[in-house]
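K.L.:
Quick one: this structure, given as C-alpha cells, is what I'll be asking you about.
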Amino acid sequence: MASLNFATPPKTTDAAEALRQEVRDFLAVELRNRPPVKRAESWSGSDPDFSRKMAARGWIAMTWPKRYGGHERSALERYIVLEEMLAAGAPVGFHWVADRQSGPNILRNGTEAQRQLILPKIAAGECSFCIGMSEPDSGSDLAAARTRAQRVQGGWLVNGTKVWTSSAHRADYMILFCRTGAKSDDDRHAGASQFLVDMQQARGHGMTVRPILDMRGGHHFNEVAIENLLLPDDALLGNEGDGWKQVTAELAFERSGPDRFLSSFTLLIEAVRALGPAAPDRAAIAIGRLTSHTLALRRLSRSVAAMLQAGEDPALQAALVKDLGNVLEQETTEVVRLLIDVEPSEYEGNSDLSSVLAHLVMTAPSFSLRGGTREILRGIIARGLGLR
Ligand SMILES: Cc1cc2nc3c(=O)[nH]c(=O)nc-3n(C[C@H](O)[C@H](O)[C@H](O)COP(=O)(O)OP(=O)(O)OC[C@H]3O[C@@H](n4cnc5c(N)ncnc54)[C@H](O)[C@@H]3O)c2cc1C
C-alpha cells in the first residue's frame, strides 16, 4: 500500500497571533448585528461591502505577489484569516471562490494580460467568480463534459449546458471547463481546456442563466445554457488541451481549506451555548469529541496549505481532508439533534439554536456533494493509496 504523507504544519508566530487578534477585533465590530442564523450560512453568505472591507485590510489575495494587488503574506497568515472568518460566520461568499481557486489558477496559468486585468480586482474585493464544471450528464465524471468550444475566426464558439453553477447569476467571471478537441483512445482526459468568461458580456449574448432553487427555496445555483457564445481568442486560460491538468490542480485548492470542515461550526457554538456550563456528561463527551475532530482536521488542513505553498500537488491529501471534514460537518447536525430536545425551525421568534439547526438540517446534505461527492473522494483516496 502506498503511504500518505502530510507536511508538518507551520508553527504559529507572534506576528501571526497578532494578526488573529486584529481579525477578531474587526469581526467583533463588523458582525455585531449578524444573527446566528445568518452566521450559519458560513461561506455561502455573500456581502460585497464586507468583501471590500476585508480587501481594504489586505485580507484577500494575501499570498499573491504585490504586483498583482496581493500582499505576499504567508500561507499560515492567510489560514488564520480564513479560519477566523469562518468560525465567526462572516459573509465571505462574494470573493470566496475567486480568492480560493480562480485567482490561484489565473496566477498559475493565465497570460500576463489576464493576470493584470483580473487579479487586482479580486484583491480589491470587487470581482467574483463562478465555477463552470458540472453538466447535466457529467458531475462526478467531469471528463464526460460535452460543452464544446470550437475555434472560429476571431475566437471560440461555445455550445453546451452547465448545471449547479453557484452564483452564475451574479458572478463577474466564470472559469468554464469544456472540450476543445477529441479524447484519445488511451486518454479520456485529453482535449479539454479552460476559458475565462466575462459574465457581464456573456449573459444575454449566448448565455442564459436560469435559477435552480435549493431545498430552502434559496437561489444559489443555476442552470447555464450556452448557445453560440463567442469568446475572444484571449479568453483561453492556460494551454489548449491542458484543461484536465489545470482543473485537477484547482480542485486541490477547492478541497482542503477550513471551509471543508467548519460549515457547521455555528451550530456547535449554539449547542455549547444552549447546554451551558453544567452540561450532562453525555453531552460534554459528545461536544468534546466533535471539538477534537475539528482540531485534528485543522492540523491536516494546515498541512495541505503548507504543501500548496511549497508548490506540491496534494490532491490525495486534499480529498482526505474534504471527506473527513464533510463527515464531521454532517455529524454535527445529527449529534446536536440527539443531545438537545429542540425543534428545528426558522420561524421568527424561535431560539437561535432552533433556527441554526433548521438551516443546517436543510443544507448539510449538500456538503458531501459540492466540490466532489463522498464516493468520488474515497475513490481518489483509494487510488492514491494504491488500493484500486
Ligand atoms: C451546493 C452545491 C453547489 C455546487 N456548485 C457547483 C458549482 O458552482 N459549479 C459546478 O460545476 N458544480 C457545482 N456543484 C455540482 C457538484 O460538483 C456535483 O453535484 C457533484 O460533482 C456530483 O455530480 P452529480 O450531481 O452530477 O452527481 P452524479 O455524478 O450523477 O452522482 C450521483 C451519485 O452517484 C455516485 N457516483 C457517481 N460516480 C461514481 C463512481 N464512479 N463510483 C461511486 N459512486 C459514484 C455519486 O457519489 C453520487 O452519490 C454543486 C453542487 C452542490 C450540491
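Quick note: the coordinates plus some simple rules give every number you see, no bench work behind them. All values derive from a computational prediction rather than experimental measurement. Positions of Cβ are backbone-derived with ideal geometry, glycine not excepted, and every protein chain shown enters the neighbour counts.
K.L.:
If you place +1 on the Cβ of every Lys and Arg, -1 on the Cβ of every Asp and Glu, and leave all else neutral, what size is the dipole of the range 269-388 about its Cα centre, to the nearest 20 Debye?
P.N.:
640 debye
K.L.:
To continue, here is another question. Could you give the length gained by full extension between residue 53 and residue 22, i.e. 0.36 nm per residue of separation minus their alpha carbon distance, to one decimal place?
P.N.:
9.8 nm
K.L.:
Quick one: the Cα spread of the chain along its three principal axes, in angstroms, biggest first?
P.N.:
On the principal axes, the chain reaches 72, 49, 42 Å in Cα extent.
K.L.:
Identify all lysines with a Cα-Cα distance to residue 38 below 30 Å; exclude those on the same chain that are fewer than 8 residues away in sequence.
P.N.:
Straight-line reach from residue 38, under 30 Å: 53, 121, 162, 322.
K.L.:
Among 130, 266, 119, whose Cα sits farthest toward the positive end of the charge dipole of the chain (+1 at Cβ of Lys/Arg, -1 at Cβ of Asp/Glu, about the Cα centre)?
P.N.:
119
K.L.:
A further question follows. What do you get for the angle between helix 315-339 and the principal long axis of the chain? Use alpha-carbon atoms, 0 to 90 degrees, nearest ten.
P.N.:
With both axes taken from Cα atoms, the answer is about 40 degrees.
K.L.:
So how far, in whole Å, is the C-alpha centre of the range 100-150 from the one of the range 57-77?
P.N.:
19 Å
K.L.:
Related question: I need the calculated FRET efficiency for the pair residue 385 and residue 295, taking r as the beta carbon distance and R₀ as 30 Å, to the nearest 0.05.
P.N.:
0.80
K.L.:
Okay, next question. Going by alpha carbons, how many degrees (0 to 90, nearest 10) lie between the helix axis of 14-30 and the longest principal axis of the chain?
P.N.:
80 degrees
K.L.:
Something else now. If you take the square roots of the eigenvalues of the alpha-carbon gyration tensor of the range 106-252 and sort them as a ≥ b ≥ c, do you get rounded (a/c under 1.5), prolate (a/b over b/c) or oblate?
P.N.:
rounded
K.L.:
Does the range 173-319 come out rounded, prolate or oblate by the C-alpha gyration tensor, with a ≥ b ≥ c the root eigenvalues, rounded set by a/c under 1.5 and, if not, prolate when a/b is larger than b/c and oblate if not?
P.N.:
Here the range 173-319 falls in the oblate category.
K.L.:
Need the list of lysines near residue 183 for cross-linking: C-alpha distance under 18 angstrom, and skip anything on the same chain fewer than eight residues off.
P.N.:
Reachable lysines: 245.
K.L.:
Still on this structure: By its C-alpha gyration tensor, with a ≥ b ≥ c as the square roots of the eigenvalues, how is the range 10-125 shaped: rounded for a/c under 1.5, else prolate for a/b larger than b/c, else oblate?
P.N.:
oblate
K.L.:
Return the distance in nm (one decimal) between the two label points of a simple spin-label model at residue 216 and residue 182, each offset 7 Å from Cα along Cα→Cβ.
P.N.:
4.8 nm
K.L.:
If you take the beta carbon distance between residue 2 and residue 112 as r and set R0 to 56 Å, what does 1/(1 + (r/R0)^6) give as a FRET efficiency, to the nearest 0.05?
P.N.:
0.90
K.L.:
What whole number of Å gives the distance from the Cα centroid of the range 362-388 to the Cα centroid of the range 290-314?
P.N.:
17 Å
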